[in-house]
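Everything on this sheet refers to the single structure shown next.
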Amino acid sequence: MKTPATRVVYLTDPPPMVRAADAEASAPGAERAAAGGPLPLPVLSAIGERLAAAGARLQEGGGATVLPDELARLERFGLQLQELAQIVARAQQLRRENVDLGLALLQTVAEWSGEADRLGVELHGPAASEAVQANPAALKHLLDLMVEHTLQQGRVVRLAIELPAEGGGVRLVASVSSEPASQSPQRDTLAWQLLQWFAAALGLVAQREVVPRGERVGVLLPRA
């Protein structure tokens, strides 16, 4: 059975991410970014659990609709890991540019709206925008991982842009409402673990805090 093709959408319209990252790191002596390093054992364990669970579903399923969907998810996950690894390996050489964060978030909402509907989660974009300094391909993965995690944590997800009082950057925030539950489940999803690792490779910090009836996930980005 042929696996459905997967189309990856980028924030800009350059060549595909892997070739772009290769071009940016073509200078002699380019090395892997130490900040990312190898995948931590908890992340590798979580990846193994996801693959094992997917394999079990494929063995139990077998219907004409279940099998293609599961294969497509595995294909997308494999592509995601490859692209994350390519960017982490060249994190120190990635070219940054001014990116409209509000527009990037609206694109992310549009791309994840189908999955949000499938999970029964409301996904909302920001009401404002700010320009940040970022590599567009790397920023897209940050946004994807943040949304993927938060969609598993509550019933309503709101993406927002905040300007910290102390200045120094632009905070990207995903707020999760888990009502009527008293709080979001405090589980470390694979997406959250990958987000932490990936952000560290880019010299950023992904933060997560449980709040009444939900949680907040944030990343501070350099302002353009």
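Odds and ends about this structure:
- Residue by residue, region 110-120 carries 3J(HN,Hα) couplings of 4, 6, 9, 4, x, 5, 4, 4, 4, 8, x Hz when phi is fed to the Karplus relation 6.51 cos²θ - 1.76 cosθ + 1.60 (θ = phi - 60°); x denotes Gly or Pro.
- Take the Cβ atoms of A165 and D117, set R0 to 30 Å, and the FRET efficiency comes out at 0.25.
- Close amide-amide hydrogen proximity is noted between L123 and V157, each under 5 Å apart and 5 or more residues distant or on a separate chain (H modeled in the peptide plane; Pro and chain starts excluded).
- Against the rule of thumb 2.2 N^0.38 Å, how large the Cα Rg of region 77-224 comes out: 1.00
- Annotation for V156 and E209: the two label points, set 7 Å from Cα along the Cα-Cβ direction, are 2.0 nm apart.
- Cut-off under 5 Å, modelled amide H: who pairs with E130 long-range: L101, G102
- Most tightly packed first, judged by the mean number of other beta-carbon atoms within 10 Å of their residues, the peptides 143-155, 188-200 read 143-155, 188-200.
Readers should treat all values here as calculations from the given coordinates under stated rules, not as data from a laboratory. The structure presented is a predicted model; accordingly, all values stated were derived computationally and were not measured. A quick note on method: Cβ atoms are made from the backbone with ideal geometry, for glycine too, and the neighbour counts reach across all protein chains shown.
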